[in-house]
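What follows is a set of notes on a single structure, which appears directly below.
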Amino acid sequence: MSVATREGEAKPACLSLLRPEMALKLAHRPSRARMRAPLPMSTERKTLDQRAQMSDIERLRHSCAHIMATAILRLWPDAQFAYGPPIENGFYYDFQMQHRITPDDFEKIEAEMKKISKENQKFEWKGISREDAKAMAESGRLGGLSERPGNPSIFKLDLIDKIPEGEQISCFQNGDFIDLCAGPHVGYSGKCKNVKLTSVSASFYMGDETKASLQRVYGTAFESKEELEAHFVRLEEAKKRDHRKLGKELKLFHIDEDVGQGLILWTPNGAILRQELQNFISEELRKQGYSQVFTPHIGKLSLYKTSGHFPYYKDSQFAAIVENDDLAKVIHEGCGCGEVMARLGGISAKLRQQLNDRAGKEVVSEENVLPDDQLLDGFMLKPMNCPHHIKIFDSQPRSYRELPVRLAEFGTVYRWEQSGELNGLTRVRGFTQDDAHLFCTEDQVAAEVLGCLSLVKIVLNTLGMTDYRVRVGLRDPDSSKFTGNPEQWDKAEEACRAAAATLGVPFTEEPGEAAFYGPKIDFVIKDVIGREWQLGTVQVDYVLPVRFDLSYIGSDNKSHRPVMIHRAPFGSMERFCGVLIEHFAGHFPTARQSPLHARPRRERSYCRWSLCPPC
RNA sequence: GCUGUUGUAGCUCAGUGGUAGAGCACGUCCUUGGUAAGGACGAGGUCGAGGGUUCAAAUCCCUCCAACAGCUCCA
C-alpha cells in the first residue's frame, strides 16, 4: 500500500500513519531562521580581495565588533584584543583581560556602545608600514585607546607576523580606538545602533587548545531596529521547537542523572515515534533485499584489536570491561593501574603477524606486542556494529552467487563523547544506528552505493526533510592516514562521486574527509537553529575485509576479497528523532488510527498534544 | 575536557540570613450534554549533593554532580 506524495513518489506503507495532507503541509513549511551559528574560525587567512567582498551587513557587524572593543577598553583599559570577525547574524571579539565578563556586564558595555554610536565616530583607514605596525603594537597602541606602556598588543604582534610579506598592512581608527584591521568598515559609528550582546564564552587563540584562553563576547546587529527585533522573535520561535523542550512536554524521552549523561530513556510516546520509523525503514530494507540480524552489545577486545578500532579510538570509547577472575588475578599479582591498562591494550605476536601479513605491510608495530601470558583480555561496549556483522559474513564460506550480502541491524553502540558536547538526542553516548553492512564484489560497489543513496533519499523525501546537503569525503593524497591501494581508492571515489551526482542535490567534494578505510558520502541536515547534523552516511571500505581476511569464491573458483559498504540512512535513531522533532515542531504526521490519538478522556492531557500540540 | 551561566513541587518560575511560595498539572467532592468548563477542599519539597561560616543558610563560602551557551573534539 502506498500513498502519493507531492513529489509523485510512492510513499512506503510503513508510514501509513502519515496523513497525506499533513505531510504536504509540513513539507512546505518554510525552514525557520537560523540562530547564530558561529562560523568555524578559518585557519587560512582571508585575502584582501576576499575581504573587500564583505557584504554590507557583514561590514556593519565587523564595525560593531570594533565599537564593542572600544566600549570594553573604556571600561577595562588593560584588555588585549585578538580577533573580531562578523559571523552569521552578528559578530564576536576575542580578548584577554583581568576582569571576567559576565552577562551582568552587558548592560554597561551596551550603554557605552550606544554612546560611541551617538558620537558618530568616523572609521578611518590608514596604510602603515610593517615597522610602524610593530612599533604601535609594542607600545600597546594597536587594539587600544592610547599607548599602554608595559602592556604590548601581544595578539596583534602575532597577527602582524602572519601577514605575508608585500601585503599592505593597515589599521582602522574610530575615535581613540586604533585596531590592526584590513577592513572594510561602515563610514560612521552612527550606523551601528541596532546591536545587542548575546553571550560570553571562552575560546582559544586561533582556535588552538594549546594557545591562550580568551574571553569571547558575542553580539548581534542589524541594519534596522525592526530586523533586530525580528531576529529575537525568530530565536524565540526556534526555542519553541527545541527537541529537548518538546521531548519533555510531549513526554518523548527522558535523560536521568542516575542512569547517566547522554543515555536516552525512551518513554512510551517516544517509543511510538521511534518504532514507526524503524518499521518504515525495515520495510524499505526488506524491499531492497537486506537480511535482518541481531548482535550483542559487547564484544571482546581482541575483536576490536583486529578491526583496528582499539586502541586507536580508545579515547572515544567506554573503558574495557574486565572479567572478575581476571581482575582478581591481576590484583593478586599486584598490578598497578597503568600496567593493567597496558596489558589490556597489548596485542599478541600472532595477531600482529596475521594483520601485517594480510595488509602486506606493517600496520601494527612491534611496540604494541606483549607476551601471551601478559595479555589481559576483556570486553568492550561496542562502539560500532561492523566487527559483529563481519563475523556473521565470515561464519560460512561465501560464493559470488550470494553477493551482495546485506546485513542490517538496529544496532546500539556506545561512544564516549566529551561531556560538553552532549546535547539532548542529537549527541549522546549510547545510540542505535539503523546500521547495515554490505559485502559485495568490486564490480558491485557502484550499484550498491547508488542503492544506499536512493534509500537515504526516500527516507528524507518521505519525511519532507529537504534542507540537506551531500558531502563526498575523499582522501587527502598527502596524508598517511589513509590505507589501501590508490587504484581502489580512485575507483571507489569515482563511484561515490557518480552516485552523488545522480541525487539531484548539490554536493561538495571534500578532500581529507574520507574515513581512513575508504571514501564516504554524508547527508548533512540543518536543524532549526542552523546547526548542521550529519545523519545518513554511506562509506566504502577496503580495509576491514583485509584485516579480517574476508573472502568469497568467484566464478573462477578462486578466492577473492569482498568490498564492504557501511551505511546508515538515519545515522542514529536518537539523532534522527531529535532532528525530526524540531523539523515537525512536535506536529508529527499521524492518522486517525494512530495510538497517539485514541485516548480515553481520563488521559486528556496526554492526547491533547497529538491533537493540538503546543505551538 | 575548557570558559561562563543555571539548578526551589510533575512543569514554568518567584523567593538577598529568621516558620518554603504562585500559576498550571495531580487527588477527592460538587456543578455542568461535551474536548484546555466553573467551584470547594486536599496532597505534593532532606530548595542538585557534600562540606564550611553563623544563634540561624534555599540565600554567604568551598568541592563535587548535572543542564544550558560557546570553545575544542567527533569512526
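Numerical summary
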quantity: Calculated FRET value between A:Ile298 and A:Ala212, using beta carbons and R₀ = 56 Å, to 0.05; calculated: 0.85
quantity: At R0 = 22 Å, FRET efficiency that the Cβ-Cβ distance of A:Leu503 and A:Glu402 yields, to 0.05; calculated: 0.15
quantity: For A:Ile347, distant residues with modelled amide H under 5 Å away; calculated: A:Val369, A:Leu370
quantity: Karplus-derived 3J(HN,Hα), 6.51/-1.76/1.60, for each residue of the stretch A:141-149, Hz, glycine and proline x; calculated: 6, 6, x, x, 8, 7, 5, 10, x
quantity: Chain lengthening between A:Asp357 and A:Val524 when straightened (0.36 nm per residue, less Cα-Cα); calculated: 56.3 nm
quantity: Interchain or long-range residues, amide H under 5 Å from A:Phe318's placed H; calculated: A:Trp416
quantity: Sum of side-chain charges, A:Phe431 neighbourhood, beta-carbon under 14 Å (Lys, Arg +1; Asp, Glu -1); calculated: 0
quantity: Exposure proxy ranking, count of Cβ atoms within 10 Å, fewest first, for A:Asp94, A:Asp373, A:Asp326; calculated: A:Asp373, A:Asp326, A:Asp94
quantity: The stretch A:225-294 and the stretch A:423-440: distance between their alpha carbon centers, rounded to Å; calculated: 14 Å
quantity: Amide H contacts of A:Gly473 (H built 1.01 Å from N, under 5 Å, at least 5 apart or other chain); calculated: A:Glu510, A:Lys520, A:Ile521, A:Asp522
quantity: Segments A:274-286, A:356-368 sorted - mean Cβ within 10 Å per residue, highest first; calculated: A:274-286, A:356-368
quantity: Length added when fully stretched, A:Glu323-A:Asp549, from 0.36 nm per residue minus Cα-Cα; calculated: 78.5 nm
quantity: Sequence ranges A:463-471, A:234-242, A:188-196, ranked by mean other-Cβ count within 10 angstrom, highest first; calculated: A:188-196, A:463-471, A:234-242
quantity: In nm, spacing of pseudo-spin labels at A:Ala271 and A:Ser395 (7 Å Cα→C-beta vector); calculated: 2.7 nm
quantity: Protection proxy ranking of A:135-144, A:337-346 - average other beta-carbon atoms within 10 Å, highest first; calculated: A:135-144, A:337-346
quantity: Which of A:His66, A:His254, A:His587 has the fewest Cβ neighbours within 10 Å, and the rest in rising order; calculated: A:His254, A:His587, A:His66
quantity: Residue order, fewest to most surrounding Cβ atoms within 10 angstrom, among A:Lys115, A:Lys314, A:Lys162; calculated: A:Lys162, A:Lys115, A:Lys314
quantity: Shape category assigned to the stretch A:246-382 from the gyration tensor of Cα positions, a/c cut at 1.5; calculated: oblate
quantity: Karplus-derived HN-Hα couplings along the stretch A:508-525 (A = 6.51, B = -1.76, C = 1.60, θ = phi - 60°), whole Hz, x at Gly and Pro; calculated: 10, 9, 10, x, x, 9, 5, 6, 5, 9, x, x, 9, 10, 10, 9, 10, 10
quantity: Length gained when the stretch A:Asp258-A:Asn423 is fully extended (0.36 nm per residue, less Cα-Cα span); calculated: 57.7 nm
quantity: Between the stretch A:548-572 and the stretch A:324-365, the Cα center-to-center distance that results, in Å; calculated: 28 Å
quantity: Long pairs among A:Lys156/A:Lys196; A:Lys391/A:Lys558; A:Lys225/A:Lys248, criterion Cα-Cα beyond 24 Å; calculated: A:Lys156/A:Lys196; A:Lys225/A:Lys248
quantity: Prolate/oblate/rounded call for the stretch A:361-475, Cα gyration tensor, a/c under 1.5 rounded; calculated: oblate
quantity: Distance from the stretch A:367-397 to the stretch A:76-138 (C-alpha centre basis), Å; calculated: 55 Å
quantity: Under 14 Å, Cβ to Cβ, from A:Asn356 - net charge with Lys/Arg +1 and Asp/Glu -1; calculated: +1
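Only the coordinates and a few stated rules stand behind these numbers; no lab work does. Nothing here was measured: the structure is a model prediction, and the numbers come from that model. When we count neighbours, we look across all protein chains shown, and the Cβ atoms used for this are built from the backbone with ideal geometry, even at glycine.
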